[in-house]
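Student: Attaching a single structure in C-alpha cells format; questions to follow.
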Amino acid sequence: MSLLSENVIPGNHGKVFGTNAKEPQTLEKIKSTLELIDGIKDVILHLDVYTRELTIHTSKMVTVKEIEDAVKAIGFHAIPKHDFPI
C-alpha cells in the first residue's frame, strides 16, 4: 500500500470509487453522507456506467478507509477503482 492508494489527495484528479448502490436516491444519500466528511470538496455521481461509480475530490488528504466506513455505515460499499494516471 502507498500514500496514493490509501488516501484521496487534494487536486483536480480525485479518486474513482465503485459502489453496489443502484438507485438514484440511494446514490444521492451516499453523496450527501460523504459530503459531511471534513475535507471532501465534492462528489460526482456517474449514473451512466455499470457498476455505478463516484468521483471524490478533496481539499485535504482524506483516507480511503474513512470513505469506505462512511458508506458502509449506510449499508453499501465504496471500493476504490484506480489511481489517477501520472
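The values are calculated or read from the model by the stated rules, or taken from the named source; none is laboratory data. The structure presented is a predicted model; accordingly, all values stated were derived computationally and were not measured. A quick note on method: Cβ atoms are made from the backbone with ideal geometry, for glycine too, and the neighbour counts reach across all protein chains shown. These accessible areas exclude ligands, DNA and RNA; they are computed on the full protein's heavy atoms, side chains included. Shrake-Rupley method; radii C 1.70, N 1.55, O 1.52, S 1.80 Å.
Student: Rounded to the nearest 500 deg cm²/dmol, what is the calculated helix-only ellipticity per residue at 222 nm for the chain, with -39500 (n - 2.57) per DSSP H run of length n ≥ 4?
Tutor: Computed mean residue ellipticity for the chain: -7500 deg cm²/dmol.
Student: Run the dipole for the chain about the Cα centre, Lys and Arg Cβ at +1, Asp and Glu Cβ at -1, nothing else charged, and hand back the magnitude in debye, nearest 20.
Tutor: Here the chain has a charge dipole of around 60 debye.
Student: May I pose another question? How large is ³J(HN,Hα), in whole Hz, for each residue of the stretch 26-39 in order, when computed from phi with the Karplus curve 6.51 cos²θ - 1.76 cosθ + 1.60 and θ = phi - 60°, using x for Gly and Pro?
Tutor: Those phi angles translate into 5, 5, 5, 5, 4, 4, 5, 5, 5, 5, 7, 6, 4, x Hz.
Student: So between residue 41 and residue 26, what do we pick up on full extension, going 0.36 nm a residue minus the alpha carbon distance?
Tutor: 3.4 nm
Student: Over the chain, calculate the relative contact order: mean separation of alpha carbon pairs under 8 Å at least 6 apart, over the residue count, as a percent.
Tutor: 43 percent
Student: Take every Cα-Cα pair in the stretch 1-44 and report what % of them are more than 12 Å apart.
Tutor: The proportion of pairs with Cα distances above 12 Å equals 67 percent.
Student: Taking only protein heavy atoms and a 1.4 Å probe, what accessible area per residue, in Å², does the chain have with all protein chains in place?
Tutor: 61 Å²
Student: Mind pulling the per residue volume of the convex hull built on the Cα atoms of the chain? Å³ is fine.
Tutor: 87 Å³
Student: Also, quick follow-up: Rounded to the nearest percent, how much of the accessible area of the chain (1.4 Å probe, protein heavy atoms only) is carbon and sulfur?
Tutor: Result for the chain: 56 percent of the exposed heavy-atom area is carbon or sulfur.
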